Amino acid sequence: MRLLAGCELIVEADVDCAVVAMLRPRSGDAQWLVSEHYAFDPHVRPTEFVDSFGNLCQRFVVPSGRMRIRTELEVETERSIAVAPWSAPMAPASLPGHTLQYLLPSRYCPSDRAFERAQEIVDQAGPRSGQVGAIVAWIRRHIAYRYGVSDATTDALDTIAHGAGVCRDYAHVGITLCRSLRIPARMVVGYLYGLEPMDLHAWFEAYLDDRWYTFDATQDAPRGGRIVIAYGRDAADVAFLTNYGLLQTVEMQVWVGEKQ
């Protein structure tokens, strides 16, 4: 399917503020970037680099005052996604080297402190659900989708204790529980067609059967129509806008539609 997606941010700085943005997707196995338009008002010329996770990053300075950042995309992506929640994890010795970093604890995913909870979840699940399937089902039953519960300091264990959060919190819980069972898991951010209310979205991927599979506990069924912008260990690696100084987001609009 062809999706037309975009994002417009209005930010404000009292003094010039250095910024790194992640707003441009890349073509890959799961998607093809057909075209894009990226604009700044007032105009600046960013420099670009690829980070250690393969994400395309834009580096620039927001001048004092207000700036409008707008990106418009046309992307071909899959209408449905492959699912394999019942698949058994691979032995760590057999995992490809590039997946090993996604077994380690990270800032928002303290997997070294979640093994007992994860083992209890999979032990209570039916034998056909698989470990990741059991984790996703548990999140859907025990974590309520609610704004205002979490903030920039909330990690996966906090979310489990609160019993509520938003999409990034759901992803952190899934990643943490998977890693505690030695299943590589990574965070993904981007667009989801048909998301209500529309916003930039987060989910996670787990490495099973020698490939990455998409899991999103915020949805009641597997859904395609996804545009990936960035991958990382957790939210600290995939911020859409990282500011090195005082910067306020005044307004944000996100849209995704299917091209007819």
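Please treat every number below as a calculation from the coordinates, not as lab data. On a predicted model such as this, the values are computed, not experimentally measured, just so you know. Here the Cβ positions follow ideal geometry from the backbone for every residue, glycine too, while neighbour counts run over all protein chains shown.
Along each principal axis, taking the top coordinate minus the bottom one, the Cα set of segment 83-122 gives 24, 24, 20 Å in descending order. Rounded is the label for segment 92-233, because a/c, from the alpha-carbon gyration tensor with a ≥ b ≥ c as root eigenvalues, stays below 1.5. Rounded to 0.05, the FRET efficiency of the H37 and E120 pair, given R0 = 51 Å and the Cβ-Cβ distance, is 0.55. Classified by the C-alpha gyration tensor, segment 55-128 has a prolate form. Its axis ratio a/c, with a ≥ b ≥ c, is 1.5 or above, and a/b is larger than b/c.
Between the alpha-carbon centres of segment 20-35 and segment 163-187 there is a gap of 24 Å. Could you please state, rounded to a whole Å, how far the C-alpha centre of segment 1-19 is from the C-alpha centre of segment 50-81? Cα centroid of segment 1-19 versus Cα centroid of segment 50-81: 8 Å apart.
Listed from fewest to most Cβ neighbours within 10 Å, the set I121, I183, I175 follows the order I121, I183, I175. Axis angle, to the nearest 10 degrees, between helix 167-180 and the longest C-alpha principal axis of the chain: 40 degrees.
The overall shape of segment 176-246, judged from the alpha-carbon gyration tensor, is oblate: a/c is not under 1.5, and a/b is no greater than b/c. Along the axis of the charge dipole computed for the chain (Cβ charges of +1 for Lys and Arg, -1 for Asp and Glu, origin at the Cα centre), the listed residues Y193, S27, G130 are led at the positive end by G130. Residue exposure proxy: Y193, Y170, ordered by other Cβ atoms within 10 angstrom of their Cβ from fewest to most, comes out as Y193, Y170. Over the residues of the chain, the helix contribution to mean residue ellipticity at 222 nm works out to -5000 deg cm²/dmol, using -39500 (n - 2.57) for each DSSP H run of at least 4.
The DSSP beta bridges internal to segment 92-233 are antiparallel in roughly 90% of cases. Between helix 131-142 and the chain there is an angle of about 70 degrees, using the helix long axis and the longest principal axis of the Cα atoms.
I'd like the antiparallel share, as a percent to the nearest 5, of DSSP beta bridges with both residues in the chain.
Just about 95 percent of them are antiparallel.
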